[in-house]
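The values are calculated or read from the model by the stated rules, or taken from the named source; none is laboratory data. Keep in mind the model is a prediction, meaning the values are calculated, not measured. Every residue, glycine as well, gets a Cβ built from its backbone with ideal geometry; the counts of neighbours run over all protein chains shown. Side chains included, ligands, DNA and RNA excluded: accessible areas come from the protein's heavy atoms. Shrake-Rupley method; radii C 1.70, N 1.55, O 1.52, S 1.80 Å.
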Amino acid sequence: MSPEELAAARDRVVPDVVAPGLRVLFCGINPGLMSAATGHHFARPGNRFWPVLHASGFTPRRLRPDEERELLTYGLGITNVVARASARADELGAEEYREGGRILREKVARLRPAWLAVVGVTAYRVAFDDRKARVGPQDTSLGDTRVWVLPNPSGLNAHWSLETMAEEYGRLREAASD
């Protein structure tokens, strides 16, 4: 995509992939410009979401971003904390995260997934005002929905390898299967 096409994508919204009663609702931080341009979640080639989802056993094969609606057949969905697209998550302000957390609470109350999985501990901390949150299951829940914080699958996240991310996502998959 050209720089002009990516810049124009800032104004586009990436539709949620959701349904009532999901096993896991994955929640990204916000759409990147490539996701906004294509209309599909985790669309940037360096993003590890799709490989990790498969490696952790959530999907029987590696899906492409344009196959995201297939997640619904596995009881999975995707949304974002903040709907606004940006080149990098650090372009978002704390107020956007807090407002996104408020909207996400309403969405979870309406959809009632078994688990909400926020992919990014910093985003979770700000959106839910929980400065001590760590990757893993959280002590809090949103109604009947349990919460798990996962590592951000962005290629920029050098703290987690594909293998260690797949292990953590696999822990959630096991918990969501109970």
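Return one whole number: the accessible area per residue of the stretch 1-122 in Å², for a 1.4 Å probe.
The answer is 46 Å² per residue.
If each residue of separation counts as 0.36 nm, what is the full-extension length gain between residue 19 and residue 171 once their alpha-carbon separation is subtracted?
52.4 nm
Given a 1.4 Å probe and every protein chain left where it sits, what share in percent of the accessible area of the stretch 1-159 is carbon and sulfur?
The value for the stretch 1-159 is 52 percent carbon and sulfur by accessible area.
Which FRET efficiency, nearest 0.05, do residue 106 and residue 64 yield, Cβ-Cβ r, R0 30 Å?
It comes out at approximately 0.50.
Provide the percentage of antiparallel DSSP beta bridges, counting only those with both residues in the chain; round to the nearest 5.
If we restrict to bridges inside the chain, about 25 percent are antiparallel.
Give me the orientation-averaged projected area of the Cα convex hull of the stretch 17-92, in nm², one decimal.
4.9 nm²
First check a/c for the stretch 36-178, with a ≥ b ≥ c the square roots of the eigenvalues of its C-alpha gyration tensor; if it is under 1.5, answer rounded, and if not, answer prolate when a/b is larger than b/c or oblate otherwise.
rounded
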